[in-house]
Amino acid sequence: MWSSPNFESPLPVEYLVCNQDFTITDCSSGIVDLLVGAVHQTSSCQSGQDVRACLPELIGLENVIAEILQQQRLNFDLVGLQQSEDRFIDLSLRCFPPGSCPLSQRSLMVFVKDSSDRMQLEKHFSQITKEYDLARQELSLAKDYLNQLLHYMSDALLVTDDQGRIKQANLAALKIFKYKESELINQPLAILAQNAVSKSLTKKEVYGDDFEVECLTQSGEGITMSFACSSLINQMTGEQDFLYIGRDVSHRKRAEQKLIDLANKDGLTRLANRYFFDQRLQQFWQQSIADSQPFSLLLCDVDFFKAYNDYYGHLQGDECLRKVGEILLDLTQENNFFAARYGGEEFALLLPNTPHELLSNIAEQIRASLQKYALPHPHSLVAKIVTISIGGATFKPTEQLKKPMELIQQADQALYRAKNLGRNCYYSYDSEHTDNP
């Protein structure tokens, strides 16, 4: 077995092997798929067939192929062969096996690579060049119209050397990143990256593909940039440079996050909604199994809320629920907890890695915090202010018979017991089903 060279491409390379009579003797398993949709007769890409029937581009190259087999020529490449409207391939002809061996034992190897993405990228930049060439008349008074064209772009443009040092930045890049040109030139491209993952990106990893990077402006503002990268040869030095064209997509990312928030959050309290709660319940449950840690849940219900809502109206009722949401949200910011509006006037608090003995203190903190608001409730049967009843439960998910719904059922039963005990109190069950008022 042998492995085909990738001739400077991260894409897979297929191959055909033929003898000196151009008869195919071997081919890679993906060659047919690569040529499907092209003008080739893929049924001809089989052992025993003439390689020129499979790759008509080889017709007329018989003398070149003879030179390769006679090792008078190392290789011969055909680049950017268009097979259909959107399909391009590259061919590389080489002698196999390499090195000295009798002529009768030499074969021709044809490496075939799908270069459609590269050609489309080149086409894209070619179109940009044509568009900017039209603007050349408007910039005819400029001594260096190329720099003017670069600065004319609304997208950020950065040129780096082979080591990733910035050589040129257009006005859009300076505006987006809030740097002066002198502050960016000769600096590593990583200066613009926000985190270690972004800084680890190299030209080999991103070349030819669009990619997003979390960046930092000079003022410390985090932004998300979408870049396309291409290489070019500096005609003055002969060195290879890299061209990055980027667009600030922070607004789009924020809009996407807003959509996620709308799908996952309760519009009134800004806590998680029931849908998001169910997702996190499963995630925390599995994590507790992996960590062999206890998993607790508190269910909270505003006492006699219907009477409160009927008396004060929906606006005041909504404000009451917001207060409860604020109390739970404060707890999540201080701890690794997750709060959700479970439904109506009922709330839930997921407490991963929290043993049962800590629940009473947390529940009392919630109850006492609501009492501090002292929201009047003349129709409550337990107090003259708004109060809350809380039920808790703790499971150890490593026990095979326990399921997430059992945790909810236990907490719900505890909440029911708290209401039966007179409300405005806390009641709980632990994983052994022992009562803990």
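The values are calculated or read from the model by the stated rules, or taken from the named source; none is laboratory data. Small disclaimer: the values here were computed from a predicted structure and weren't measured. As a convention, Cβ positions derive from the backbone with ideal geometry for all residues, glycine included, and neighbour counts pool all protein chains shown.
The residue pairs whose first member lies in the stretch 22-41 and is under 29 Å from S104 (Cβ atoms) and surrounded by 12 or more Cβ atoms within 10 Å (Cβ to Cβ), whose second member is at pLDDT 90 or above and aromatic (F, W, Y), and whose beta carbons are closer than 6 Å, counting only pairs six or more residues apart or on different chains, are S28/Y15. In the stretch 175-187, the residues that are under 17 Å from C215 (Cβ atoms) and in contact (Cβ under 8 Å) with a residue 12 or more places away in the chain form Cβ pairs under 6 Å with partners that are outside any helix (DSSP H, G or I) and hydroxyl-bearing (S, T, Y), at six or more places apart or across chains, as follows: F177/T217; K178/T217; K178/S219.
Checking each residue in the stretch 85-102 for being part of a loop (DSSP other than H, G, I, E, B) and surrounded by 20 or more Cβ atoms within 10 Å (Cβ to Cβ) picks out no residue at all.
Within the bounds of the stretch 312-329, is there any residue that is assigned to a loop (DSSP other than H, G, I, E, B) and over 15 Å from S389 (Cα atoms)? Before you say what the answer is, go through the steps one by one.
Here is the first cut: in the stretch 312-329, the ones assigned to a loop (DSSP other than H, G, I, E, B) are 313.
Imposing the further condition that a residue be over 15 Å from S389 (Cα atoms) reduces the set to 313.
Checking the stretch 312-329: at least one residue is assigned to a loop (DSSP other than H, G, I, E, B) and over 15 Å from S389 (Cα atoms).
Among the residues of the stretch 334-381, the one identified as within 16 Å of K419 (Cβ to Cβ) and without any contact (Cβ under 8 Å) to a residue 40 or more places away in the chain is G344. The residues on offer are D33, D77, D21, D114, and the sole one that is among the charged types (D, E, K, R) and in contact with a helix residue (DSSP H, G or I) (Cβ under 8 Å, 6 or more places away or on another chain) is D114.
The combined condition, being over 20 Å from M153 (Cβ atoms), surrounded by 14 or more Cβ atoms within 10 Å (Cβ to Cβ), out of contact with any Pro (no Cβ under 8 Å at 6 or more places or on another chain) and at pLDDT 85 or above, is fulfilled by R280. Filtering the stretch 382-407 down to residues that are at pLDDT 95 or above, of a type in the set (V, I, T) and touching a strand residue (DSSP E or B) at 6+ places or on another chain (Cβ under 7 Å), which residue is surrounded by the fewest Cβ atoms within 10 Å (Cβ to Cβ)? Ranking the candidates gives I385 first. Here C300 meets the list (1) of a type outside the set (A, V, I, L, M); (2) in a helix (DSSP H, G or I); (3) in contact with a Lys or Arg (Cβ under 9 Å, 6 or more places away or on another chain); (4) crowded, with 22+ Cβ neighbours inside 10 Å almost entirely, failing just condition (2). When the stretch 228-279 is limited to residues that are assigned to a helix (DSSP H, G or I) and among the small types (G, A, S), the one that is farthest from G344 (Cα to Cα) turns out to be S250.
Selection of the stretch 297-328 for residues being in contact with a Phe, Trp or Tyr (Cβ under 7 Å, 6 or more places away or on another chain) and in contact (Cβ under 8 Å) with a residue 40 or more places away in the chain yields L299, C300, C320, K323, V324, L328. If the condition is being within 20 Å of I24 (Cα to Cα), part of a loop (DSSP other than H, G, I, E, B), under 44 Å from the mean Cα position of the chain (by Cα) and not polar (S, T, N, Q), then the stretch 46-84 contributes only L55.
Entry remark, the stretch 302-353: residues being hydroxyl-bearing (S, T, Y), over 17 Å from D412 (Cα atoms) and touching a strand residue (DSSP E or B) at 6+ places or on another chain (Cβ under 9 Å) number 3 in total.
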